[in-house]
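See below for the structure under consideration.
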Amino acid sequence: MQAVVPRVMVAGTSSGSGKTTVACGLIYALMRRGLRVQACKCGPDYIDPMFHERVVGAPSRNLDLFLADENLVREQVAVGAQTSDVTVIEGVMGYYDGIAQSADASSFDVARATNTPVLLVVDGRGRALSVAAEILGFLQFRTPSCIEGVLLNGVSAGYYPALKATVERETGISVFGYLPHVKDAHFESRHLGLVSAKEIADLQHRVHLIGDTLEQCVDIDALLQIARSAPYLAYDPRVLPASCKDAPLIAVARDAAFDFCYAATIQMFEELGARIAYFSPLEDTALPEGTSGLYLCGGYPELHARRLSENTSLRVQIRTALAEGMPAIAECGGFLYLHEVLEDDSGVPWPMVGVLPGRAYRSSRLGNFGYVELTAREDGLLAHKGEHLRAHEFHYWKSEHEGSGYWAQKPQSSRGWDCVVSTPSLHAGFPHLYLYGNPDAAIRFVQACAAFGRAGGVL
């Protein structure tokens, strides 16, 4: 199939270059013009898509060429574009930064695979001709680079005209504008990157300030012209099995403690015939009525350990349901929640669900960070022995019971380790799964939920 998808990627020369700030501000500026905007994010990140969702009012799609193949990535863009006028894709890290020391799964790789024109955000603070040298390097490093324009970040109105003229003269690339320092519009950081969108009470105000500034300092019309010049997006539609007639109800944790969930994973469950019901392990005293499967996604349970522990009735119900064989996926934060004890960010231990023995506790350093390919050591809920799942890890907490159902191998590396508690009804571990890119695993989970319901296991 071929789809008309006006699109542009906002990429940066490095992490911290201002990609999220520019992307969110641009999305708002386009929406204020009456355009329907689809937001996407390169890579496996959960935080930036939350910012997009708060601005757009609809889920942001992750585009990741390790977790999914090129066709699925193009399909994600095309499907989301059916109800939008323009797509804004935010890059990840530096433009060419991918797996290990390669460009694989980088922002550039996504731009190449989707034929998306790129706006490169470049830090112009405290520099002059060196900015042009840096930009020229990015333009020439790969051919074609897909870079169609530049935005200068951190530049004052007075300095911008001279720097723009220098860059355009030395590189031949168009500079579409600049973003000066915007007071009270900074996005803060913490141990897992940016704070989540829910934690910034005045997020909309900050985004509006940035959008208003971009409207004044950037040639939005020229950016739209570039987006609309993008070529057709070609993809082969996936072929999935017929929807499950039993329509099992999957309860998905979603609140301040559990909010790391790929929209495409939920989309996959629904396409396979499942119904989705969201619940809050912080607030709800019971799982949704009719639940026959459980998805405990990642998040920050350690920041809410006391409240999670005090919700005794839900903890007991989940422990009982899983003991009776209810199919469940628990990733990272959800995995921590299933332990007997979880230490909060102050080191205070709190009783949790108790399905998994032992303690989950804070480590002094970042854990197994990055992409992994999981190989099943035994038959389990999501994979048979020897089958592979691709995933991503990012966590500071550790576990006394990390499991050995899978071998995790880092791509383009000799490093690997055991992980995941895997049984016929439970998949629990630190790796985050992108089930849109692992459709067989999603199919097995939905089918297991339906079988559990048919056997009378519905709550």
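Since every read-out is calculated from the coordinates, none of them should be taken as a lab result. In this text, all values refer to a predicted model and were calculated from it rather than measured experimentally. Quick reminder, even Gly has a Cβ in these numbers, built from the backbone with ideal geometry, and neighbours come from all protein chains shown.
Which angle between 0 and 90 degrees, to the nearest 10, do you get for helix 70-80 versus the longest principal axis of the chain when only C-alpha atoms count?
80
Could you sort out which of K19/K164; K41/K183; K41/K164 sit more than 21 Å apart by Cα distance in this structure?
Numbers: K19/K164 19 Å; K41/K183 26 Å; K41/K164 28 Å.
Violating the 21 Å Cα-Cα cut-off are K41/K183; K41/K164.
Hey, what do the phi angles of the stretch 91-108 turn into as Karplus ³J(HN,Hα) couplings, whole Hz, using 6.51/-1.76/1.60 and θ = phi - 60°, x for Gly and Pro?
Those phi angles translate into x, 9, 6, x, 3, 9, 7, x, 5, 6, 9, 10, 9, 4, 6, 7, 4, 4 Hz.
In which sequence would V252, V73 go, from the one with the fewest C-beta neighbours within 10 Å to the one with the most? Write out the running numbers ahead of the final one.
Values: V252 20, V73 25.
Placing the least packed residue first, the sequence is V252, V73.
Please enumerate, by chain and number, the lysines with C-alpha under 23 Å from the C-alpha of K385, excluding those fewer than 8 residues away in the same chain.
Filter leaves K410.
Under 15 Å from the Cα of K398, which aspartates and glutamates turn up, not counting those fewer than eight places away in the same chain?
List returned: E302, E331, E340, E343, D344, D345, D418.
Percent antiparallel among DSSP beta bridges with both residues in the stretch 2-234, to the nearest 5? Walk me through the intermediate numbers first.
Working: 5 of 31 bridges.
So the antiparallel bridges in the stretch 2-234 amount to around 15 percent.
Report the net charge of residues surrounding P49, where surrounding means a beta-carbon distance below 9 angstrom and charges are Lys +1, Arg +1, Asp -1, Glu -1. Mind showing how you got there, number by number?
Numbers: positive: K41, R61; negative: D45, D48, E53, E90.
Spelling it out: positives minus negatives among the neighbours equals -2.
Tally the DSSP beta bridges in the chain and give the antiparallel ones as a percent, rounded to 5. Please report the intermediate quantities before stating the final value.
Working: 30 of 75 bridges.
In the chain, approximately 40 percent of DSSP beta bridges are antiparallel ones.
Using Cβ counts within 10 Å as a stand-in for footprinting exposure, how do T265, T312, T320 rank, fewest first?
Values: T265 24, T312 10, T320 13.
Ranked by crowding around the Cβ, least crowded first: T312, T320, T265.
Taking amide H atoms as placed 1.01 Å from N in the peptide plane, list the residues 5 or more away in sequence, or in a different chain, whose amide H sits under 5 Å from that of A58.
none
Shape call for the stretch 249-454 from the C-alpha gyration tensor, a ≥ b ≥ c root eigenvalues: rounded (a/c under 1.5), prolate (a/b greater than b/c) or oblate? Please list the in-between numbers first.
Numbers: a/c = 1.59, a/b = 1.03, b/c = 1.55.
Oblate, since a/c reaches 1.5 and b/c is not below a/b.
Helix-only estimate, please: 222 nm mean residue ellipticity of the chain, summing -39500 (n - 2.57) across DSSP H runs of length 4 or more and dividing by its residues, to the nearest 500.
Numbers: 13 runs with 140 residues, N = 459.
Per the formula, -9000 deg cm²/dmol.
Please determine, in degrees from 0 to 90 and to the nearest 10, the orientation of helix 129-141 with respect to the longest principal axis defined by the Cα atoms of the chain, where the helix direction is its Cα long axis.
The angle comes out at about 60 degrees.
First check a/c for the stretch 2-234, with a ≥ b ≥ c the square roots of the eigenvalues of its C-alpha gyration tensor; if it is under 1.5, answer rounded, and if not, answer prolate when a/b is larger than b/c or oblate otherwise. Please list the in-between numbers first.
Details: a/c = 1.35, a/b = 1.11, b/c = 1.22.
It comes out rounded by the Cα gyration axes.
If neighbour count is taken as other Cβ atoms inside 10 Å, put T143, T171 in order from fewest to most.
Values: T143 7, T171 21.
Fewest-to-most ranking of T143, T171: T143, T171.
For the chain, evaluate the Debye formula with one uniform point scatterer on each Cα (no solvent term) and list log10 I(q)/I(0) at q = 0.08, 0.09, 0.11 Å⁻¹, rounded to two decimals.
-0.48, -0.60, -0.88
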